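Worksheet: the structure to be examined is printed underneath.
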Amino acid sequence: RKAADQQAASLAKERDALEARSSELQSRLDGLEKEKGQLNGELSNVRSQITDLEQKFASGSASSQEEIAKLQKQASELEANAARIAKEREQLRQEQSRLAATLDQERAAKEEEIKRLTRTQEELSKSLQDEISKGNITIQQVRDRLTINMVDRVLFDSGQAQVKPVGVKVLKQVSDILKTVTDKQIRIEGHTDNVPISSKLQDRFKTNWELSTARATTVVRYLIDQGSVDRQHLSAVGYADTQPLASNDSEEGRSSNRRIEIVLYPKDLKEIAGQVETSTASSK
């Protein structure tokens, strides 16, 4: 979960950097516009001086051809600077346009991703409504992340890592929906209470770390082997009792802490945006 949070923070930081760069480009463009105005004023003034000197020279009231040449050179330099600024402005505008397109594409990709996840949440809620009504399963969506929380008794007998028959039915319902999800990473988390493994089970699971990890791995194996969920989207992790939802001081709290969580979280945003771009291009 920490890695996923770090990835989300990294993506947000990257988007903030793009927006900051866009703002910086706009500031630079504004500066170039001001500089261009100043150059145009200077150029107009120099040209006026040249015209004035040329008139005086033609009427015989001035004989400074050298002064005219000097002013003409100054005008040429100003024109060159104006051309340089125009070129730089165009380059900055193009870069700003590319940045704006990237930001728009990523925003559109993110919003579409959230819409798809909402549909997934609705489908899961409908499919698992019996267990949800019993309080055995909860489903929570927060923007681009979806968490399916199952108390351990839904899937496993006490101290066991083998999915029981009723649990297989639940996992079948879950996998039928998860196998259609292609834009999320799916992490299976095993969690326990803080009660040590009984001595009679320690030959199989020395501590709650082994039990939580074994349960998470068992669920992943089912989703891959029986549920046809793409293995590249899946990961398994055991947290033992390190992430409790409630106090372990009561049986009710311990029961809440013994759980499997299936967490759907974003892939790299650039990859999602690229998929949207490809899909858009192919539909034209």
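The values are calculated or read from the model by the stated rules, or taken from the named source; none is laboratory data. Since this is a predicted model, take the numbers as computed values, not measurements. Cβ: placed from backbone, ideal geometry, glycine included. Neighbour counts: every protein chain shown. These accessible areas exclude ligands, DNA and RNA; they are computed on the full protein's heavy atoms, side chains included. Shrake-Rupley method; radii C 1.70, N 1.55, O 1.52, S 1.80 Å.
Under the rule a/c < 1.5 gives rounded, and otherwise a/b versus b/c splits prolate from oblate, where does region 194-247 land using the Cα gyration tensor?
On the way: a/c = 3.37, a/b = 1.73, b/c = 1.94.
Oblate.
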(message) Using the Karplus curve 6.51 cos²θ - 1.76 cosθ + 1.60 with θ = phi - 60°, what ³J(HN,Hα) values do you get for each residue of region 195-208, in whole Hz, with x for Gly and Pro?
(response) 6, x, 4, 5, 4, 6, 9, 5, 6, 9, 10, 4, 9, 5
(message) Can you give me the solvent accessible area of Asp230 with a 1.4 Å probe, rounded to the nearest 10 Å²?
(response) 70 Å²
(request) For Lys184, go through the aspartates and glutamates and keep the ones whose alpha-carbon is under 13 Å away, minus same-chain ones fewer than eight residues off. (result) Glu112, Glu113, Asp144, Asp230, Asp268, Glu271
(request) Would you mind computing, in nm to one decimal, how far apart the modelled labels at Asp157 and Gln65 are, each placed 7 Å from Cα along Cα→Cβ? (result) 11.3 nm
(message) Explain nothing, just compute: Karplus ³J(HN,Hα) = 6.51 cos²θ - 1.76 cosθ + 1.60, θ = phi - 60°, for every residue of region 176-192 in order, whole Hz, x for Gly and Pro.
(response) 4, 8, 5, 5, 8, 8, 10, 10, 9, 8, 10, 10, 9, 10, x, 10, 10
(message) Charges on Cβ only, +1 for Lys and Arg, -1 for Asp and Glu, centred on the Cα centroid of region 110-250; of Pro196, Thr218, Ala246, which one is farthest towards the dipole's positive end?
(response) Thr218
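Rounded to a whole number, what % of the accessible area of region 93-240 do carbon and sulfur atoms account for, probe 1.4 Å? Each step should come with its number before you reach the end.
Values: 3640 of 7580 Å².
Roughly 48 percent of what the probe reaches on region 93-240 is carbon or sulfur.
For Gln94 and Glu251, calculate 0.36 nm times their separation in residues minus their Cα-Cα distance, and state this gained length in nm to one decimal.
That works out to 50.2 nm of additional length.
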(message) Could you work out how much longer the chain between Asp225 and Arg28 gets when fully extended? Use 0.36 nm per residue separation minus the Cα distance between them, nm to one decimal.
(response) 65.3 nm
(request) Just read off the accessible area of Val195 with the full protein assembly in place, 1.4 Å probe, to the nearest 10 Å². (result) 70 Å²
(message) Taking amide H atoms as placed 1.01 Å from N in the peptide plane, list the residues 5 or more away in sequence, or in a different chain, whose amide H sits under 5 Å from that of Asp193.
(response) Arg258
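Longer than 28 Å from Cα to Cα, which of Lys172/Lys206; Lys126/Lys267; Lys134/Lys172; Lys13/Lys87; Lys13/Lys115 are they? Say none if no pair is. Provide the component values of the computation, followed by the final result.
Numbers: Lys172/Lys206 30 Å; Lys126/Lys267 25 Å; Lys134/Lys172 18 Å; Lys13/Lys87 31 Å; Lys13/Lys115 23 Å.
Violating the 28 Å limit, Cα to Cα: Lys172/Lys206; Lys13/Lys87.
Quick one: length gained pulling Ala108 to Gln140 fully straight, 0.36 nm per residue minus the C-alpha distance? Kindly include the intermediate steps, with their values, before the conclusion.
Numbers: separation 32, 0.36 × 32 = 11.52 nm, distance 2.27 nm.
Difference between extended and current length: 9.3 nm.
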